[in-house]
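Structure, as structure tokens:
The values are calculated or read from the model by the stated rules, or taken from the named source; none is laboratory data. Source: prediction; values computed, not measured. Only protein heavy atoms, including side chains, enter the accessible area calculation; ligands, DNA and RNA are left aside. Shrake-Rupley method; radii C 1.70, N 1.55, O 1.52, S 1.80 Å.
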Amino acid sequence: MRLLRTTSGFTLGEVLVTVLLVGLLTLAVAMGIGSAIGSYSTIKQATDANALLTNAVTAVEDELRFAYDVEAVSVAAGTGIDGNGTTAYTFDSSVRGYRLYLANTTDSDGVTSITLNGVNALDADGKQANLPADVDTLAALPLLNIDTAGTGASVQLTELTWTPSPNGRGGLWTFSVKVSGAGQDAESGTITVRAVNNW
């Protein structure tokens, strides 16, 4: 009987080198996937913060654009929008039909949101009572239709000023909004809105 001896096939050294190269390639791919997942998370947080900022800016713009009969009033410390939180601008909202002011309100979880606060509800005859020296908050309604509690994001007005026009009809609002605490912070620049109500 004759034994056949063949030289075709792979040697043990060639197989070991191949296994080592495949292992290194797999390790590189796994590290790349981990990095991609981390980048996706960062980009998603930044996108969510920017989307929340855009919605907040739009909501504030829409509310202020149709405001009229604007008046600066003193409010409880920390409630107003100015540096020391003692001044707010009350206005009649042609959209909602109430006298309102914007404020930053912080809930028990420490999440801050922009709220609309009612001032002096209309009486039985539909007339507005005179504004008292301090603002009486009837309700604090969230300005945004977004549940920020799940994200832990705080949305707040960092600036709000009113400049009446020289002729006393209308004026300009200037404001800025900041989103923080959602993994990524976002802040608008200073935005100017002309009030379209001139009565």
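Brief remarks follow.
Rundown of residues vs (1) among the aliphatic types (A, V, I, L, M); (2) open to solvent by 70 Å² or more (accessible area, probe 1.4 Å), yes/no style:
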position: Thr11; (1), (2): no, yes
position: Val29; (1), (2): yes, yes
position: Gly32; (1), (2): no, no
position: Val60; (1), (2): yes, no
position: Tyr68; (1), (2): no, no
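- When we screen Val119, Val75 for residues that are under 21 Å from Ala195 (Cα atoms) and modelled with pLDDT of 60 or more, the only hit is Val119.
- Residue count for the range 79-107, restricted to those that are modelled with pLDDT of 75 or more and among the hydroxyl-bearing types (Ser, Thr, Tyr): 5.
- Test: residue in the range 158-177 that is open to solvent by 60 Å² or more (accessible area, probe 1.4 Å), at pLDDT 60 or above and farther than 20 Å from Glu71 by Cα: no
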